[in-house]
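S.K.: One structure follows; several queries about it will come next.
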Amino acid sequence: MRLIRLTVKILPVIFIFLGCSSGEDITNAPPSYLRGEVVIRNESTVVIRLIEFTQIRGEIRHSNNLNIRVASGHGYTLTNRIDSGDSDEFPGGDLVTVRFVSEARDPGNPDRPLFENTISHRVNGNSTIYVKSGGRYGTSP
């Protein structure tokens, strides 16, 4: 009877130990990304135009022309085009790229925009991408 009680007490400890020490290196696990919305916010001093948007998920790629004007201090929420195009929420891990250009012209070369750039962003929860003067951009949170 003592042996049965001892076995009943020791077995759970052995199972917990074996479950926690699998010997696998968990640092190589794939990253986990959160669903979220992506907003492009114009924090520059000039109007910008969002030219092209691309959404990539694995082997699936969807691109389209936007031609959206965003005034200084305003924003535009991207739409998930791979999943029907009627949602602002992206699955975590999608890669989105947006090409933008200022509507203001370069004073030294009036045939060129003041700035232009391409944003590349991996969706991981709700985020805002801030376009700044000179075409630089930053992401939060």
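S.K.: Scanning for something outside any strand (DSSP E or B), in contact with a His (Cβ under 9 Å, 6 or more places away or on another chain) and either of a type in the set (Ser, Thr, Tyr) or open to solvent by less than 80 Å² (accessible area, probe 1.4 Å) (or both), does segment 75-82 turn up at least one residue?
M.R.: Checked against the condition, which is being outside any strand (DSSP E or B), in contact with a His (Cβ under 9 Å, 6 or more places away or on another chain) and either of a type in the set (Ser, Thr, Tyr) or open to solvent by less than 80 Å² (accessible area, probe 1.4 Å) (or both), segment 75-82 yields at least one hit.
S.K.: Could you list, in sequence order, all residues of segment 95-116 that are surrounded by fewer than 16 Cβ atoms within 10 Å (Cβ to Cβ) and either under 19 Å from GLY75 (Cβ atoms) or touching a Leu at 6+ places or on another chain (Cβ under 9 Å) (or both)?
M.R.: Correct list: THR97, GLU103, ALA104, ARG105, ASP106, PRO107, GLU116.
S.K.: Please go through (1) in a strand (DSSP E or B); (2) exposed (fewer than 14 other Cβ atoms within 10 Å of the Cβ); (3) touching a residue at least 40 places away in the same chain (Cβ under 8 Å); (4) not aliphatic (A, V, I, L, M) for GLU52 and return the number of the only condition it doesn't satisfy.
M.R.: So the condition that GLU52 fails would be (2).
S.K.: For segment 90-119, which residues satisfy the criterion of being in contact (Cβ under 8 Å) with a residue 24 or more places away in the chain, over 14 Å from ILE40 (Cβ atoms) and in contact with an Asp or Glu (Cβ under 6 Å, 6 or more places away or on another chain)?
M.R.: Passing the criteria: only LEU114.
The values are calculated or read from the model by the stated rules, or taken from the named source; none is laboratory data. Just so it is clear, the structure is predicted and the values come from calculations on it, not from any experiment. Note that we place each Cβ from the backbone using ideal geometry, even for glycine, and neighbour counts take in every protein chain shown. Each accessible area value is taken on the protein alone, full model and side chains, heavy atoms only, with ligands, DNA and RNA left out. Shrake-Rupley method; radii C 1.70, N 1.55, O 1.52, S 1.80 Å.
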